[in-house]
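Since the structure comes first, as structure tokens, the remarks are kept for the end.
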Amino acid sequence: MTPPMLYISAGVFLACAVALLSASRVLHARRPDAAVTAMFDRMLSDRRIRLVVIVLWWWLGWHFLAGQTL
């Protein structure tokens, strides 16, 4: 049986993917010439956002990669 934490982690990852797709659609609706890469460039220009992305990436890697081997 799959542990419930796996479902929670997968749900958070799915929620992040949905948020990214939603933000991409809103950005494209406002400015048709805008691209996802431009959105990332603008988001990652702030140091705090870069730190949050690194921490979230570490958390996902720890739970999906290292968590099952330890």
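Condition first: of a type in the set (F, W, Y) and within 18 Å of W57 (Cβ to Cβ). Now tell me which residues in the range 1-38 satisfy that.
F13
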- Is it the case that A23 is in contact with a helix residue (DSSP H, G or I) (Cβ under 7 Å, 6 or more places away or on another chain), in a loop (DSSP other than H, G, I, E, B) and on the phi < 0 side of the Ramachandran plot? no
- Out of all the residues in the range 22-39, which are at pLDDT below 85 and open to solvent by 80 Å² or more (accessible area, probe 1.4 Å)? H28, R31, P32, D33, T37
- Taking the range 40-70 and the residues there that are farther than 17 Å from P3 by Cβ and of a type in the set (G, A, S), the one that is surrounded by the fewest Cβ atoms within 10 Å (Cβ to Cβ) would be S45
- What number of residues in the range 34-48 are farther than 17 Å from S24 by Cα and in a helix (DSSP H, G or I)? 2
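The values are calculated or read from the model by the stated rules, or taken from the named source; none is laboratory data. Note that the coordinates shown come from a computational prediction; the quantities given were computed from them, not determined experimentally. Please note: Cβ atoms are built from the backbone with ideal geometry, for glycine as well, and neighbour counts cover all protein chains shown. Surface accessibility is based on the protein's heavy atoms, side chains included, excluding ligands, DNA and RNA. Shrake-Rupley method; radii C 1.70, N 1.55, O 1.52, S 1.80 Å.
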